[in-house]
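Here is the structure we will look at.
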Amino acid sequence: MFRWGVLSTARIAREHVIPAIVASENGVLSAIASRDGERARALAEQFGAPHAFSSYEALLASDLIDGVYIPLPTSQHVEWAIRAAEAGKHVLVEKPLALDAADIAPVIAARDRNRVLVCEAFMVIYHPQWIKVRELVRDGAIGRLRHVQGAFTYFNDDPTNMRNILALGGGALPDIGVYPVVSTRFVTDREPLRVHASVERHAAYGTDMYSNVHADFGDIDLTFYVATHLAARQVMVFHGDRGFIEVHAPFNAGRYDHHRIELHNASHTEATVFRFPGTQQYQLEVETFVRAARGGADRVFTLEESVNNQKVIDAVFRSGTSGDWEGV
């Protein structure tokens, strides 16, 4: 069994990824690390991990660990992904991996130098609903895809939450803006050429709190908005000349809505519903990661894909400042 270590006791680890590791068929939770040793021990005991460390360095130095999951604040992702790779560990690092596409190059170098697997944790590409959307679009179920529309919003006004702390990499675009981009790129296997965006920043926090984005893929347009201070909503729609596909809970299926997509015909008189009840996308993610780390041919989200995705977010920020179209 693949032995996992987790750097920090972050909420996403506690609520999603650690339970996925515990439930997985090919991995075990071996250790938790925290700068607060008591918190590490408490979380390790809660999930049955046999080891707890009071520093991240100690976990990385341990021969009890094959790979690590890193859910630290965004501003620390690159540093600790590199340090974990240099320690010879496989690395699954929470998104976004970086705050600038150029910062990913040293991570790629560390991956290659140490011959380990390093992946950004985009769980959505492992969910069968997204694999089905990709299949339907590629098979021509909606004809020629012309437009993709998306939204991802929530309301969080807690000043102590990292999503509202600029120095930690907070903001809507790093936290959730990556999802409409990555899912569109995944479905179409295309890259946008340029973007135009408006970006509104919070007066007190300085983080981007609302962005409205138009990404030009040549003959496909993606338009979406994301926000940290709007009522919770998620949706993605892929619109073609022979129909459209609506993904009702594209990123947090089971929380925002059921695991389902709807394929509508051109006249909107018929719809086929595809359901994926009980899917655990985080479990699929960690199991796929382990198989790939062991040399399997499973598709994972590569660091090269991370660079391309971050280039889009970088361009959105530039456009939000300039007010002009910015090349990706």
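The values are calculated or read from the model by the stated rules, or taken from the named source; none is laboratory data. Computed from a prediction, not measured in an experiment: that's the story for all the values here. Cβ: placed from backbone, ideal geometry, glycine included. Neighbour counts: every protein chain shown.
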Sole exception among (1) in contact with a Lys or Arg (Cβ under 7 Å, 6 or more places away or on another chain); (2) on the phi > 0 side of the Ramachandran plot for G218, by number
(1)
Going through A315, A293 one at a time, which residue ends up being of a type outside the set (F, W, Y), at pLDDT 95 or above, touching a Pro at 6+ places or on another chain (Cβ under 9 Å) and closer than 24 Å to V78 by Cβ?
A315
Any idea which residue in the range 217-249 is modelled with the highest pLDDT, counting only those that are of a type in the set (S, T, N, Q) and over 20 Å from P192 (Cβ atoms)?
T228
In this structure, does R115 turn out to be among the basic types (K, R) and assigned by TED's automatic domain parsing to the domain that holds T9?
yes
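Looking at A172, A151, which is the one that is surrounded by fewer than 21 Cβ atoms within 10 Å (Cβ to Cβ) and touching a Lys or Arg at 6+ places or on another chain (Cβ under 9 Å)?
A151
Any idea which of L193, L166, L173 is modelled with pLDDT of 95 or more, in contact with a helix residue (DSSP H, G or I) (Cβ under 7 Å, 6 or more places away or on another chain) and in the same structural domain as T228 (by TED's automatic domain parsing)? Steps first, please.
Values: L193 fails: in contact with a helix residue (DSSP H, G or I) (Cβ under 7 Å, 6 or more places away or on another chain); L166 fails: in contact with a helix residue (DSSP H, G or I) (Cβ under 7 Å, 6 or more places away or on another chain).
From the options L193, L166, L173, the qualifying one is L173.
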Is it fair to say T153 is closer than 16 Å to T228 by Cβ, β-branched (V, I, T) and in a strand (DSSP E or B)?
yes
Return the residue satisfying two criteria in turn: it lies in the range 17-29 and is touching a residue at least 40 places away in the same chain (Cβ under 8 Å) and under 22 Å from G88 (Cβ atoms), and of such residues it is surrounded by the fewest Cβ atoms within 10 Å (Cβ to Cβ).
N26
Might you check whether a residue that is under 28 Å from A101 (Cα atoms), modelled with pLDDT of 95 or more, hydrophobic (A, V, I, L, M, F, W, C) and in contact with a helix residue (DSSP H, G or I) (Cβ under 9 Å, 6 or more places away or on another chain) occurs anywhere in the range 250-264?
yes
Within the range 30-135, helices (runs of 4 or more DSSP H) holding 1 or more residues that are among the small types (G, A, S), under 26 Å from K311 (Cα atoms) and touching a residue at least 24 places away in the same chain (Cβ under 8 Å)
77-86, 105-114
Pairs needed: first member in the range 143-172, free of Cβ contacts under 8 Å to residues at least 24 places away in the same chain; second member anywhere, not in a loop (DSSP other than H, G, I, E, B); C-beta distance under 8 Å; at least 6 residues apart or different chains.
D158/N164
